[in-house]
Structure formats: C-alpha cells, structure tokens
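Input: a single structure, listed below in structure tokens.
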Amino acid sequence: MIHELLAAGRTRSLEFFPPRTEAGRDVLRATLGGLAGVDPSFVSVTYGAGGSTRELTRDLVVELNSAATMPAMPHLTCVGHTRAQLAAMVDDYTSHGIDNVLALAGDPPADGSPAVGDFTFALELVEVLREAGSFSIGVAAFPEGHPRSGSLAEDRRHLAAKLELADFAITNFFFRAEDYLRLVDDMAALGVTKPIIPGVIPLLDPVGVRRFADLNGAWFPEDLASRIEAAAPAERLALAVEHSVTLCARLADEGAPGLHLYCMNRIEAPEKIFAALSD
Ligand code: FAD
C-alpha cells in the first residue's frame with residue numbers, strides 16, 4: 001500500500017498513460033523493459049476524461065500489478081459516472097488485488113455541457129472507496145490552486161477536507177519549489193499533515209507543457225523553455241533533466257515524502273534524474 005511505502009521512506013514514482021496506438025505501446029514496452037534500472041516505489045496510470053480509457057487503464061494496471069515488481073495505482077475520475085458504474089469498477093479492482101487508487105473528480109465536458117452522473121467532487125469518490133474496502137487512497141493537489149476554485153483559500157479548505165479522509169496527495173506539476181512548500185504549510189495550518197508527493201515534469205515538450213500550465217493557471221518557466229526550444233535535439237534532454245534534478249533535490253532537502261515524475265511513458269529522463277539524485 002502506498003501509504004505504507006511513504007511511511008517507510010521517500011518514494012520515487014512515475015506516471016504512465018495507457019497508449020492507444022501500436023507506436024505508443026512500443027514506447028511504453030521499452031520503458032517497462034528498462035524499469036528495473038529506475039526501481040520505482042510505485043507507478044500510476046491515468047484515466048481518460050469521462051472514462052474514455054476505462055478498459056485501457058484497467059487492463060494496464062492489472063497487467064502491471066500481476067508482474068508484482070511494484071504497485072501500479074489506477075487513476076479514477078468520478079465526474080460523468082453513475083454510482084453503479086464506479087461500484088463495478090471498484091469491485092473489479094478489489095477482485096484483482098489492486099490496493100491503491102488515485103481518486104479524482106475529472107473535468108466536466110469540454111463543450112460546456114453539464115456532466116451527467118452522480119458525482120461532482122473527488123471527495124465523494126474518496127468516500128465510496130473508503131466504504132468499499134481497505135484501499136490506500138490518493139488525491140490530487142494543486143500547489144497554485146485549482147483553476148475552477150473561487151480563491152486559493154477556498155481551494156485549500158476543500159483540499160484539506162479531501163485529504164483528511166484520503167491517505168496521501170500527489171500534486172499537479174509546478175516549477176517553483178516555493179509553490180509546493182506553501183501548499184504543505186497551508187495544509188499544516190489547517191491541521192492536515194498527510195504526505196503530499198510533489199509531481200515534477202521534465203520539460204521535454206515545452207509547447208505541450210505550456211498549454212497544460214495555461215489551462216491550470218500554473219506558472220511556466222519561459223526562460224528555460226526558450227533555452228530548450230533553441231537547443232539541439234541531443235541537448236534538450238540534458239537541459240530538462242538538469243532543471244528537474246535541481247528542483248527534486250531542493251524538494252528532497254525540504255522533506256518531500258516522495259518524488260513523482262510525469263514521464264510521458266518515457267524512461268530516459270527518470271533514469272537520469274533518479275541517478276543524479278542518488279549521487
Ligand atoms: P476536486 O477535489 O473535486 O476539486 C475540483 C474543484 O472543486 C476545485 O476547484 C476545488 O476547490 C472545488 N471543490 C472541491 N470540493 C468542493 C465543494 N465541496 N464545494 C465547492 N467546491 C469544491 N484528470 C483525468 O481526467 N484523468 C486523470 O488520470 C487525472 N490524473 C490527475 C493526476 C494528478 C496528480 C492531478 C493533480 C490531476 C489529475 N487529473 C486527471 C486532473 C483532475 O481530474 C482535474 O484537475 C479536475 O478538474 C479536478 O480534479 P480533483 O480531483 O482535484 O477535484
């Protein structure tokens with residue numbers, strides 16, 4: 001269980017997404033082949049908005065867990081689902097020995113239409129999971145605040161309520177250590193000291209990451225992005241890794257309970273980042 005791993009020492013984890021193409025499956029296969037060198041404490045697998053990767057996520061998580069080298073945690077979103085649909089998925093995970101779930105709201109439909117289903121907030125899914133069995137439950141945290149929240153203070157209060165019932169949180173990516181440290185301090189001030197694992201993204205795709213940062217209202221390092229965009233392809237990995245190593249080393253020094261890398265199913269950056277941190 002991930003909360004037990006966190007209690008035992010600083011975790012190292014990776015986020016994967018379920019590939020939809022043969023080329024994507026080849027990339028992930030190569031990454032899984034090299035995973036022993038990275039030796040993650042656990043991995044997590046994303047869930048497409050509104051259930052669009054429901055089977056793919058489930059199949060990948062079940063396959064990774066049966067290999068039994070490390071726990072694989074499914075992400076699960078509740079917006080757009082009925083209570084019966086989620087109960088069936090949770091039962092299925094229980095029957096396959098899946099002990100860890102990242103409980104998320106997910107986003108309402110992009111076209112602005114109201115989400116159908118029985119759920120609005122991630123806290124409701126945490127409650128379902130708590131009632132269903134003995135899961136180790138993770139939730140999402142946004143160091144700079146969630147973009148749909150009215151204010152940072154309001155978002156912090158909702159996160160504190162969610163995290164009180166869950167076991168740990170993983171943050172959205174951020175580039176300034178201070179944003180993460182402020183989040184941890186704010187939770188402590190609200191009486192919540194559950195582990196909050198920082199999520200770090202190596203800046204290998206500045207265009208894509210800038211788009212996500214804009215969507216999430218997160219600060220984006222334009223200087224670093226310009227240097228990476230101007231660099232020769234062979235140098236980009238080194239620049240992105242150097243920045244992630246500096247950020248991760250600071251977070252570790254400040255007592256972060258784990259380091260979670262958004263690796264886009266690729267192994268090269270995690271290999272280099274974790275190797276540098278071990279030196
Ligand atoms: P919530 O905790 O429900 O919060 C959503 C908003 O509602 C916030 O603004 C919050 O302040 C507010 N709120 C919460 N409770 C209340 C309340 N009682 N009253 C009023 N307002 C309230 N998305 C996917 O589709 N698939 C994934 O696999 C996925 N993985 C993710 C992994 C991580 C680590 C992170 C950080 C995000 C991930 N997301 C994923 C994105 C996430 O689903 C969206 O950001 C979503 O908009 C919010 O999810 P949440 O779980 O934080 O929701």
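Conditions (1) of a type in the set (D, E, K, R); (2) touching a helix residue (DSSP H, G or I) at 6+ places or on another chain (Cβ under 7 Å), marked per residue:
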| position | (1), (2) |
| --- | --- |
| SER149 | no, yes |
| LEU152 | no, no |
| ASP155 | yes, no |
| ALA161 | no, yes |
| PHE168 | no, yes |
| PHE173 | no, no |
| VAL184 | no, no |
| PRO202 | no, yes |
| PHE212 | no, no |
Quiz item: Across the range 184-225, what is the total count of residues that are open to solvent by 50 Å² or more (accessible area, probe 1.4 Å), closer than 14 Å to PRO143 by Cα and aromatic (Phe, Trp, Tyr)?
Solution: 1
Self-check item: 3 or more residues at pLDDT 95 or above: qualifying helices (runs of 4 or more DSSP H) within the range 1-99
Solution: 2-8, 22-33, 54-67, 83-95
Practice problem: Out of ALA240, ALA252, ALA269, report the one residue that is surrounded by fewer than 17 Cβ atoms within 10 Å (Cβ to Cβ) and out of contact with any strand residue (DSSP E or B) (no Cβ under 6 Å at 6 or more places or on another chain). | Solution: ALA252
Quiz item: What are the residues in the range 67-95 that are among the small types (Gly, Ala, Ser) and either open to solvent by less than 30 Å² (accessible area, probe 1.4 Å) or within 18 Å of LEU123 (Cβ to Cβ) (or both), if any?
Solution: ALA72, GLY80, ALA87
Exercise. Could you please give the count of residues in the range 97-117 that are over 22 Å from the mean Cα position of the chain (by Cα) and either at negative phi or within 12 Å of the ligand (Cβ to nearest atom) (or both)?
Key: 5
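The values are calculated or read from the model by the stated rules, or taken from the named source; none is laboratory data. Since the structure is predicted, the reported quantities are computational estimates derived from the model, not experimental observations. With ideal geometry, Cβ positions are generated from the backbone for all residues, glycine too; neighbour counts draw on all protein chains shown. Note: areas computed on protein heavy atoms with side chains; ligands, DNA, RNA excluded. Shrake-Rupley method; radii C 1.70, N 1.55, O 1.52, S 1.80 Å.
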